[in-house]
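Can you read through this structure? Questions will come right after.
Every number here is computed from the coordinates shown, using simple stated rules; none is lab data. Owing to the predicted nature of the structure, the values given are computational and were not obtained by experimental measurement. Using ideal geometry, Cβ is built from the backbone for each residue, glycine included, and neighbour counts are taken over all protein chains shown.
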Amino acid sequence: MKKIKEIVVLSGKGGTGKTSVAASFALIAGKDAIIADCDVDAANMHLVLKPNFAHSQVYCGGDVAVLNQDSCTLCGKCKEVCRFGAVDFSNGRYTIKDLDCEGCGYCSHVCPSGAITMVERKSGDLFISHIKNGSQMVHAKLSPGAENSGKLVAQVKTNAGRIAGEVGCEYVIADGAPGIGCPVASSLSGASLAVMVTEPTKSALHDLKRVLTVAKRFNVRPLCIINKYNINSDQTAVIKEFIEKEGITHLADIPFDSSFVKAMGQAKSIIEVDSKMKALLEETWGKVKEIAQTV
Ligand code: SF4
Ligand code: SF4
């Protein structure tokens with residue numbers, strides 16, 4: 001069986017067109033790719049790919065302390081040790097403030113009467129869906145304020161890889177989160193290639209440099225697309241110089257086009273509303289596939 005190639009689309013900075021590119025690749029790849037929406041804090045690929053939410057499962061990212069009043073002897077040790085101020089004492093009884101509890105388990109460990117137990121806390125939902133191109137997509141929704149998004153990304157990717165193996169797909173296309181936090185590190189772990197979508201602004205170049213550092217740490221080969229390249233030719237030249245110096249493969253320059261706005265308004269991918277963009281992105285996905293065979 002061929003090794004599954006995992007292509008992660010990243011940007012460092014939000015708003016560069018990362019998800020538009022990832023959704024276009026997904027539609028072009030069709031049944032050759034399973035899609036993983038790894039931007040679990042602000043997932044939005046579902047707006048374009050129209051998943052059917054066929055299967056869902058609860059995601060638990062950590063524990064929360066639960067105090068049984070009947071067993072509590074009011075010794076106060078739990079409040080003494082909690083560094084997060086999550087144990088409250090009022091009206092003659094101790095209680096745990098759910099939202100402040102970090103799930104460290106210290107209170108449960110020191111409680112002399114076994115009144116505190118640690119239970120799994122629901123942190124979100126994971127979905128496996130069929131999408132409009134006939135393929136499948138793994139996506140998730142992190143609960144508001146929930147942590148451990150890196151762990152959820154790992155679960156999204158693991159499921160996408162498993163399904164790709166089961167149905168004989170050669171690729172997993174992952175839409176990564178912006179920034180360089182845990183979800184990005186998690187989406188780069190074990191990836192074959194990182195397609196970085198940037199734009200000709202100083203802040204985008206700054207963030208491109210940061211995400212490139214993370215990709216290097218994970219030994220993932222970076223490729224680059226300059227989106228809206230024609231809005232600032234001087235800055236585009238600066239980015240080209242940078243990526244050449246870094247030995248990053250320059251995949252494509254995508255022009256700014258009002259079709260992007262039109263596509264967004266219709267909850268569609270750019271390739272569904274603009275034939276020139278479709279041809280450009282098909283050519284770009286072809287290059288990605290060729291390079292993926294070499295890693
Ligand atoms: S440590 Fe246990 S027994 Fe003591 S106050 Fe807390 S819950 Fe009650
Ligand atoms: S589990 Fe940790 S954070 Fe939560 S109440 Fe106990 S000591 Fe505090």
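Between 156, 21, 58, find the one with the highest GNM mean-square fluctuation for the chain; connect C-alpha pairs within less than 10 Å.
In the Gaussian network model the winner is 58.
How much length, in nm to one decimal, is gained on full extension between residue 287 and residue 257, taken as 0.36 nm per residue of separation minus their Cα-Cα distance?
Value of the extension gain: 8.6 nm.
Give the separation of the Cα centroids, segment 151-192 to segment 258-288, in Å.
23 Å
Please give the FRET efficiency for residue 3 paired with residue 216, using the beta carbon to beta carbon distance and R0 = 30 Å, rounded to the nearest 0.05.
Step by step, r from the Cβ atoms, then E = 0.90.
Could you give the distance between the Cα centres of segment 110-150 and segment 220-239, to the whole Å?
Using only Cα atoms, the two centres lie 36 Å from each other.
Here is a follow-up. Can you give me the distance in nm between label points at residue 91 and residue 74, each placed 7 Å from the Cα along the Cα-to-Cβ direction?
Using points 7 Å along Cα→Cβ, the separation is 1.5 nm.
A further question on this structure: Taking the Cβ-Cβ separation of residue 203 and residue 50 as r and a Förster radius of 30 Å, what is the calculated FRET efficiency to the nearest 0.05?
0.40
Which of 38, 174, 220 sits farthest toward the positive end of the charge dipole of the chain, with +1 on the Cβ of Lys and Arg and -1 on the Cβ of Asp and Glu?
Sorting the options by dipole projection puts first 220.
Report the Cys residues of the chain lacking a disulfide-compatible partner, meaning no second Cys Cβ under 4.7 Å from their Cβ.
Result for the chain is 38, 60, 72, 75, 82, 101, 104, 111, 169, 182, 224, no neighbouring Cys Cβ within the cutoff.
Quick check on my link table: of 228/278; 141/262; 209/262; 18/122; 13/240, which ones sit more than 21 Å apart, alpha carbon to alpha carbon?
141/262; 209/262; 18/122
From Cα coordinates alone, what are the radius of gyration and Dmax values for the chain in angstrom?
Cα radius of gyration and Dmax of the chain are 22.7, 73 Å respectively.
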